[in-house]
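**Student:** Please find one structure pasted underneath; my questions will follow.
Just so it is clear, none of the values below were taken in a lab; they were calculated from the coordinates. As the structure is a computational prediction, the values presented were derived from the model and not from experiment. Here the Cβ positions follow ideal geometry from the backbone for every residue, glycine too, while neighbour counts run over all protein chains shown.
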Amino acid sequence: MPGRNIEKAYLPDHYYHIYNRGWNKTEIFLDAEDYAYFEWLLERTLSPEPQKDRKHRPFTWLRDQIDLNTYCLMPNHFHFLVYQRDPRAMPRLISTIATTYTMYFNKKYRRRGPLFENTYRAVVISTDDQLNHLTRYIHLNHREFQRWPHSSYHDYIGAARAWVAAEPLLARFGSRETYREFVLDYEATQRANDAYKREFADSLSRNV
């Protein structure tokens, strides 16, 4: 039976929560340069205008097909909230980013083989409540989220970068300050849920 959220329905004009982690839960970001390179891949793929390499060959460009609304990079996994207009856009985005980043990572750290789990997960968002909650869930992934530079949180409470489509979600809250309060109000609840999941996992491991 397929794992949870592996089988995907590629629908146009829908929001999706996309996530994946390192192979066997290993870390996929080992230093600041790794985070920066991954974010640069997102930027060149989703920038307002297509970008070219040094030989003037165009990079894969998907800005007209998909938006990256929210994201967070963690040491061994990532979360994206995207809005895809073209049903082929989501797999193209993940394939482009994952393949290029794996090549970079393997060369830098002199390793071979896959970096990510074989199949990323994707969940179609069906309600407004899910959509609103997911933005704060992603931003709260890092315990120091207000200082963590590798997420879109500061695109929501400050000036957004050109490749992060924060405005459609921010418009639901009326102001950046209202959104900030929306996130802060849930922080304690999410931390309690995280602690419960860790305790549950620990109890399972002790009983194996």
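**Student:** Mean separation of Cα pairs under 8 Å and 6+ residues apart, divided by the residue count of the chain: what relative contact order is that in percent?
**Tutor:** This gives 27 percent for the chain.
**Student:** At E167 and H14, where each label point lies 7 Å from the Cα along Cα→Cβ, what is the point-to-point distance in nanometres?
**Tutor:** 2.6
**Student:** Now, a different point. Just flag the trypsin sites (Lys or Arg not before Pro) in segment 77-118 sitting in loop per DSSP whose Cβ has no more than 12 other Cβ atoms within 10 Å.
**Tutor:** For trypsin sites (Lys or Arg not before Pro) across segment 77-118 that sit outside H, G, I, E and B with at most 12 neighbouring Cβ atoms in 10 Å, the list reads R110, R111, R112.
**Student:** Placing +1 on the Cβ of each Lys and Arg and -1 on the Cβ of each Asp and Glu in the chain, which of A165, H139, I94 has its Cα farthest towards the positive end of the resulting dipole?
**Tutor:** I94
**Student:** Set the Förster radius R0 to 30 Å, insert the Cβ-Cβ distance between R92 and Q130 as r into 1/(1 + (r/R0)^6), and round the FRET efficiency to 0.05.
**Tutor:** About 0.80, to the nearest 0.05.
**Student:** If you don't mind, another one. Please get the size of the charge dipole for segment 72-206, origin at its Cα centre, with Cβ charges of +1 on Lys and Arg and -1 on Asp and Glu, quoted in debye to the nearest 20.
**Tutor:** Around 900 debye, computed over segment 72-206.
**Student:** Please list, in chain and number order, the residues 5+ apart from H14 or on another chain whose amide H is under 5 Å from its amide H, with Hs placed from the backbone.
**Tutor:** Q84
**Student:** Quick one: how many lysine pairs in the chain have C-alpha atoms under 28 angstrom apart, if they're 8 or more apart or on different chains?
**Tutor:** 9
**Student:** Something else: Just to be sure I understand the rule: take each whole DSSP H helix in the chain, project its Cα atoms onto its long axis, keep it if the span is 27 Å or more and its mean Kyte-Doolittle hydropathy is at least -1.0. Which ones pass?
**Tutor:** The qualifying helices are 89-109.
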